[in-house]
Amino acid sequence: MDDKNYSLYGLPVAIVLAYVPHVVKGAIITKSLGKYNNVNPRSQLEKVQSRMTKASYEMAKRADAAHHNGLEIFPIFAGAVLAGNFAGLPNSTLNKYSAVFLTARFFYNFVYIKNSNSIVAGLRSLIWMVSIVSCFGLYLEAAKGKL
């Protein structure tokens, strides 16, 4: 791999990863009901619960939760990437931490949406931990680089 800095490209990728579960939720609702209400989409899931199968409703709820979690963790990741770039960390370090975060978020979404039991939920939590630790690692590397 070349030594270019790809970490800033990770920011829009992280945003896309945060919105993939939202699209999945919309697809589940549309598949269940044959349409999607774009007039008031935020309250739609609760309104249509009685017309969906329990499995579809639960999966849509998990997709919604994964979407919100992606939005919640994005500023932490963005701050870490920006701190690392500001500190002048080596590109390989920036790329490594960014790749770990983005890979973890991809698997987090998949596992969260497909989750069906407490073992899988534990795996989801472990994957979340990998993503947050990658951010903390980047912050720590940035702090060391500026000392």
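Values for this structure:
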read-out	value
Test: residue in region 104-124 that is closer than 19 Å to Tyr6 by Cβ and of a type in the set (Ser, Thr, Tyr)	no
Condition check for Asn37: part of a loop (DSSP other than H, G, I, E, B) and either under 22 Å from the mean Cα position of the chain (by Cα) or not basic (Lys, Arg) (or both)	yes
Residue that is surrounded by the most Cβ atoms within 10 Å (Cβ to Cβ), among those in region 86-129 that are in contact with a Phe, Trp or Tyr (Cβ under 6 Å, 6 or more places away or on another chain) and over 27 Å from Ile29 (Cβ atoms)	Phe101
Test: residue in region 133-140 that is under 13 Å from the mean Cα position of the chain (by Cα) and of a type in the set (Val, Ile, Thr)	no
In region 100-142, the residues that are at pLDDT below 95, more than 15 Å from Ala66 (Cα to Cα) and assigned to a helix (DSSP H, G or I)	Ser118, Ile119
Which numbered condition Pro75 misses (of (1) modelled with pLDDT of 95 or more; (2) surrounded by fewer than 18 Cβ atoms within 10 Å (Cβ to Cβ); (3) under 25 Å from Val120 (Cβ atoms))	(3)
So Leu45, is it aliphatic (A, V, I, L, M), over 30 Å from Val81 (Cβ atoms) and either crowded, with 17+ Cβ neighbours inside 10 Å or touching a residue at least 12 places away in the same chain (Cβ under 8 Å) (or both)	yes
Unique match (being aromatic (Phe, Trp, Tyr) and either surrounded by 15 or more Cβ atoms within 10 Å (Cβ to Cβ) or not in a helix (DSSP H, G or I) (or both)) among Tyr19, Tyr57	Tyr57
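The values are calculated or read from the model by the stated rules, or taken from the named source; none is laboratory data. Just so it is clear, the model here is predicted, and its values are computed rather than measured. Positions of Cβ are generated from backbone atoms using ideal geometry, with glycine treated the same way; all protein chains shown enter the neighbour counts.
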